[in-house]
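I have placed the structure first, in the form of structure tokens, so that the comments after it can refer back to it.
The values are calculated or read from the model by the stated rules, or taken from the named source; none is laboratory data. These numbers come from a predicted model, not from an experiment. Cβ placement follows ideal geometry from the backbone for every residue including glycine, while neighbour counts extend to all protein chains displayed.
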Amino acid sequence: VHTYHLYSVVHTYHLYSTVHTYHLYSTVHTYHLYSVVHTYHLLYSVVHTYHLLYSVVHTYHLYSTVHTYHLFYSTVHTYHLYSTVHTYHLYSTVHTYHLYSTVHTYHLYSTVHTYHLYSTVHTYHLYSTVHTYHLYSTVHTYHLYSTVHTYHLYSTVHTYHLYSTVHTYHLYSTVHTYHLYSTVHTYHLYSTVHTYQLF
């Protein structure tokens, strides 16, 4: 009994020691776990803080980069648009001037061509006037020639008529003279016969 009692005491102590050791081990282990968790928490906090800081910096950097790029792109694009508009304006000005020059050249060409046509028409008119005058002169000359020729024919006819009248008169005179001569000769013969008879 006594031996059992000692055994029991020893065994109880041993159990107590085991429990206490376990308790200590648990305490130490718990503390270790706490330390690990706390360390991990601190490490996580540091990493998270760094991550947040990095994110903020990175976000700011990206924002700055994007903003800078946006400003640069906007500036370049605005300048490009301005250049395009200005170039188009210059092109329009040059094209307008070219059209003006073309229209002005065409107007000058039309003016010169109109003047040329006017000169041609005027020259033709002068030619027609000269030709008409020439025809008039020709007709008038022919008329005068006809008048002169007619007068000449009239004069010729009249001269012939006078000649015929004179010739007729001459023939009449000749006939009359012959008749008188015949009468006288007849009378003379009669007288001669009568004188002879009387004798």
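Within segment 77-91, identify whether any single residue is at negative phi, more than 44 Å from the chain's Cα centre (by Cα), polar (S, T, N, Q) and surrounded by 10 or more Cβ atoms within 10 Å (Cβ to Cβ), and answer yes or no.
no
Evaluate the following for H116: is it surrounded by 10 or more Cβ atoms within 10 Å (Cβ to Cβ) and modelled with pLDDT under 95? Judged against the criteria, H116 is not a match. T156 fulfils the conditions (1) at pLDDT 95 or above; (2) exposed (fewer than 10 other Cβ atoms within 10 Å of the Cβ) except for a single criterion, (2).
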